[in-house]
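Structure record follows, encoded as structure tokens.
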Ligand SMILES: Nc1ncnc2c1ncn2[C@@H]1O[C@H](COP(=O)(O)OP(=O)(O)OP(=O)(O)O)[C@@H](O)[C@H]1O
Ligand SMILES: [Mg+2]
């Protein structure tokens with residue numbers, strides 16, 4: 001049986017594994033966003049915490065992924081939950097760091113102008129800092145999501161679902177079709193995520209702060 | 001009206017930035033703060049909208065103590081423009097201008113109306129510019145929007161910290177004119193900080209010169225130019241800008257530096273030759289150390305030409321002025337002694353130059 005036939009015959013199974021895969025990666029990402037973005041903001045307000053917290057995050061990043069998954073087992077048992085928890089921990093760091101840097105790179109003079117005009121602290125955050133940090137945060141989410149989709153294949157090793165199950169089963173049975181029917185969609189998902197996030201960034205960034213400024217317009221209308 | 005009463009600010013690092021600053025800015029007055037870098041101009045400004053809290057002293061706006069007001073509400077009543085143009089880059093021109101009106105929850109149509117009216121006031125077509133982003137404007141246009149943003153909620157008081165500092169000279173002058181126009185139209189009380197004396201002289205109703213956190217002099221541009229309080233103010237304004245009376249100008253500033261002169265021991269023929277060369281009818285006679293001795297005129301030389309004499313023997317005494325004497329003294333001397341010129345000497349009698357009637361006339365013309 002060739003690969004095409006294999007995929008055709010097992011389409012339902014592959015599709016549901018792909019679905020699980022997406023759910024695992026996105027859940028981890030979503031949970032990480034809930035925690036990491038506010039944490040990143042907090043760090044910009046409590047400068048003295050920034051160094052130790054970002055340092056701790058870096059340490060988590062250095063733990064090998066399989067080992068981290070294994071650490072989760074005694075606490076959360078087997079299945080998707082420990083996998084999501086481990087991926088969540090990985091996702092925290094890049095998102096938190098990008099939120100922090102994104103806000104820190106906002107020009108202090110903008111913030112001073114805003115405060116001088118009577119914006120309150122939360123208005124400065126929502127109207128100025130977060131929108132201007134947005135492309136940084138989104139870039140963090142983009143790389144994180146791609147990594148999470150890759151690492152979500154490991155969930156199968158601790159009893160979770162996802163495309164890792166196909167790869168794992170293929171490895172134990174030395175069934176290449178099975179391995180590839182897990183690996184190809186996983187790679188495809190990662191590419192797709194990257195592409196979609198890129199599109200999202202273009203759509204959501206206001207014209208005024210897109211990196212490629214509209215030079216022609218500038219020249220044509222330059223009165224001074 | 002803004003009143004500072006004995007306002008001081010010492011930063012936590014013990015820098016005394018402002019020291020017992022007292023000033024009342026009348027309603028509708030444009031006061032310019034100027035002074036060397038670090039003299040406390042920005043600090044003074046920021047204490048008005050409470051971005052900085054004074055260490056001591058009080059600031060009143062229309063007789064209300066600013067300390068008694070909520071700082072955020074206070075700031076929304078005060079226009080604020082800073083040097084880095086600081087428009088919000090992710091918001092359109094219209095949204096930028098509408099910042100404070102939106103904070104104050106004005107109805108949409110009133111906000112739109114205000115934005116369009118303000119844009120028209122600085123000759124920027126609302127239909128063209130409303131939806132532009134700051135990055136799509138020239139520097140001068142951006143700064144105009146910065147000023148409009150501060151004006152939008154119609155504040156009575158405006159604080160402007162070197163708003164035109166980053167602009168090229170032509171645009172700067174243009175914006176100064178516009179501001180002056182605007183000021184007459186909208187009658188705001190404006191506190192304006194600058195480094196640029198020409199800018200201050202041009203736009204100010206009153207100039208406040210600061211040094212080390214204190215006011216050195218506060219006066220109208222006219223009074224400042226006529227009566228600088230001290231040497232600091234004088235150098236700060238720049239000698240060339242000062243308006244001075246003839247008794248404030250020294251002889252050496254007006255004199256010709258290379259008068260026709262010859263040593264006393266030379267003969268009459270040499271004297272005549274020197275006069276011809278310099279195209280003058282009188283020679284200043286000096287000794288070997290350039291000490292001034294007297295004057296010989298062409299007629300006297302002609303009369304004695306046949307005799308074998310030195311210049312010294314036929315020269316006559318002549319009144320002189322010191323180089324630090326005033327031009328007025330020189331002119332008085334010329335009138336009293338009925339002479340057409342006076343030599344200028346230093347305090348050891350050395351010849352430095354000459355003041356002639358033509359020179360005095362030119363000087364007077366320069367200052368008219
Ligand atoms: N946040 C601060 N902490 C400590 N010292 C400060 C602070 N801000 C200003 N200073 C000091 O206070 C003094 C006055 O500063 P300020 O910014 O008011 O000067 P300035 O007249 O506006 O100068 P410039 O013309 O350079 O803008 C300076 O010596 C400055 O170094
Ligand atoms: Mg300053």
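Just so you know, all these numbers are worked out from the coordinates, no wet-lab data involved. Predicted model, so just to flag it, every value in this text is computed and none were measured. When we count neighbours, we look across all protein chains shown, and the Cβ atoms used for this are built from the backbone with ideal geometry, even at glycine.
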Which residue fluctuates most in the GNM of chain A (Cα springs below 10 Å): A:136, A:122, A:71? A:122
Compute the relative contact order of chain A as a whole-number percentage, counting only Cα pairs closer than 8 Å that sit 6 or more residues apart in sequence. 26 percent
What is chain A by shape, rounded, prolate or oblate, if you read a ≥ b ≥ c off the alpha carbon gyration tensor as root eigenvalues and call it rounded for a/c under 1.5, prolate for a/b larger than b/c, and oblate otherwise? oblate
Quick one: of the DSSP bridges fully inside chain B, what percent are antiparallel, nearest 5? 60 percent
Within 10 Å of each Cβ in B:74-83, the average number of Cβ atoms from other chains: 3
Provide, as a two-decimal number, the C-alpha radius of gyration of the stretch A:1-68 over 2.2 N^0.38 Å, N being how many residues it has. 1.79
Relative contact order of chain B, defined on C-alpha pairs under 8 angstrom at six or more residues apart (%): 16 percent
Ratio Rg/Rh [Cα only; Rh per Kirkwood] for the stretch A:43-108: 1.10
Given the options B:74, B:268, B:182, state which has the largest fluctuation in a GNM of chain B using a 10 Å cut-off (strictly under) for Cα springs. B:268
Taking Rh as the Kirkwood radius computed over C-alpha pairs, what is the Stokes-Einstein D of the stretch B:177-313 at 25 °C in a medium of viscosity 0.890 mPa s, expressed in µm² per second? 124 µm²/s
Based on Cα positions only, what radius of gyration and what Dmax would you give for the stretch A:121-179, in angstroms? 19.3, 60
When all alpha-carbon pairs of the stretch B:24-158 are counted, what percent fall beyond 23 Å? 40 percent
Quick one: Debye curve from the C-alpha atoms of chain B, no solvent, what's log10 I(q)/I(0) at q = 0.14 Å⁻¹? -1.08
The stretch A:148-203 versus the stretch B:265-300: alpha-carbon centroid distance in Å: 107 Å
Share of alpha-carbon pairs per 10 Å distance bin for the stretch B:251-345, given as whole %: 16, 47, 29, 7, 0
Over the stretch B:5-79, one equal point on each Cα, no solvent: what is log10 I(q)/I(0) by the Debye formula at q = 0.19, 0.21, 0.26, 0.28 Å⁻¹? -0.83, -1.01, -1.43, -1.53
Given the Cα-Cα distance of residue B:64 and residue B:273 and 0.36 nm per residue of separation, how much length would full extension add, in nm? 67.1 nm
Where does each of B:208, B:339, B:316 land when they are ranked from fewest to most other beta-carbon atoms within 10 angstrom? B:316, B:339, B:208
Shielding by other protein chains, A:101-113, mean Cβ within 10 Å: 3
Size of the stretch A:77-176 as Cα extents on the principal axes (Å, biggest first): 68, 27, 15
Can you give the Rg to Rh ratio for the stretch B:118-227, taking only C-alpha atoms and Rh from Kirkwood? 1.00
Going from the alpha-carbon gyration tensor of the protein assembly as shown, what semi-axes, largest first and in whole Å, does one get by taking the root of 5 times each eigenvalue? 80, 30, 23
